[in-house]
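Take a look at the structure set out below.
The values are calculated or read from the model by the stated rules, or taken from the named source; none is laboratory data. Being a predicted model, the structure only gives us computed values, none of them experimental. Cβ placement follows ideal geometry from the backbone for every residue including glycine, while neighbour counts extend to all protein chains displayed.
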Amino acid sequence: MQNSRLSDRGENDAVENGDLLMPKFDADGLIAAVVTDVASGEVLMVGYMNAEALQRTVETGEAWYWSRSRQQYWKKGETSGQVQKVHEILTDCDQDALVLKVSVAGNGATCHVGYRSCFYRKIVKPETGPLRLENIEAGKVYDPQDVYGKK
């Protein structure tokens, strides 16, 4: 991997109006990355990147993340074949969040439980009782046990 090409954090005007990438990572060294389908704009997932994962993503053109649960880098699709080819990376005005526009290889699914998108349920407010979740996707694209084996 090449040396980091990320710039040090600058003054607000430079961050908000300048032309250098100066990401603001949180206290854990992470930045949120909302991942969308390049063709449809559908939100597929949210991941987190540290400086190295962002650098790997920029250099390879494939999405890399930092797994908070496993405390390690992971290339999306390395096991499943559902590699995310990055077409564009956007940052917001204060550079503390990213949007990755991707196309997904393999079966086109992103969610590790088998759905195309990790956002396959919506919140429903029943007349009484707790809030519920309702599936909004037609069904799973694949069986996770076939891809990842039994856990």
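Let me confirm something: among Ala32, Ala39, Ala51, which residue is more than 24 Å from Asn107 (Cα to Cα) and in contact (Cβ under 8 Å) with a residue 60 or more places away in the chain?
So the residue among Ala32, Ala39, Ala51 that is more than 24 Å from Asn107 (Cα to Cα) and in contact (Cβ under 8 Å) with a residue 60 or more places away in the chain is Ala32.
In the list Gly81, Gly77, Gly29, which residue meets the criterion of being in a loop (DSSP other than H, G, I, E, B) and surrounded by 17 or more Cβ atoms within 10 Å (Cβ to Cβ)?
Step by step, each of Gly81, Gly77, Gly29 is checked, and only Gly77 is in a loop (DSSP other than H, G, I, E, B) and surrounded by 17 or more Cβ atoms within 10 Å (Cβ to Cβ).
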### Message
Given the condition within 21 Å of Gln145 (Cβ to Cβ) and aromatic (Phe, Trp, Tyr), answer yes or no: does some residue in the stretch 62-73 qualify?
### Response
no
### Task
Kindly indicate the residue of the stretch 84-105 that is touching a helix residue (DSSP H, G or I) at 6+ places or on another chain (Cβ under 9 Å) and free of Cβ contacts under 8 Å to residues at least 40 places away in the same chain and also surrounded by the fewest Cβ atoms within 10 Å (Cβ to Cβ) among those meeting that condition.
Ile89
### Task
Take the residues in the stretch 115-151 that are among the basic types (Lys, Arg) and surrounded by 10 or more Cβ atoms within 10 Å (Cβ to Cβ), then tell me which one is nearest to Val43 (Cα to Cα).
Arg116
### Query
Only one of (1) more than 24 Å from Tyr120 (Cβ to Cβ); (2) of a type in the set (D, E, K, R); (3) surrounded by 13 or more Cβ atoms within 10 Å (Cβ to Cβ); (4) free of Cβ contacts under 8 Å to residues at least 40 places away in the same chain is not met by Asp19, so which one is it?
(3)
### Task
Run Leu44 past the list (1) assigned to a strand (DSSP E or B); (2) on the phi > 0 side of the Ramachandran plot and report the number of the one that doesn't hold.
(2)
### Summary
Taking the stretch 42-54 and keeping residues more than 17 Å from Asp96 (Cβ to Cβ) and either of a type in the set (S, T, N, Q) or surrounded by fewer than 19 Cβ atoms within 10 Å (Cβ to Cβ) (or both) leaves Glu42, Val43, Glu52
#### Entry: Residue identified as at pLDDT below 95, more than 11 Å from the chain's Cα centre (by Cα) and not in a loop (DSSP other than H, G, I, E, B) among Glu59, Glu88, Glu16
Glu16
### Query
How many of the residues making up the stretch 56-74 are under 14 Å from Glu88 (Cα atoms) and either of a type in the set (S, T, N, Q) or touching a residue at least 60 places away in the same chain (Cβ under 8 Å) (or both)?
2
### Query
Of the residues that sit in the stretch 79-102 and are among the charged types (D, E, K, R) and in contact with a strand residue (DSSP E or B) (Cβ under 9 Å, 6 or more places away or on another chain), which one is nearest to Lys24 (Cα to Cα)?
Asp96
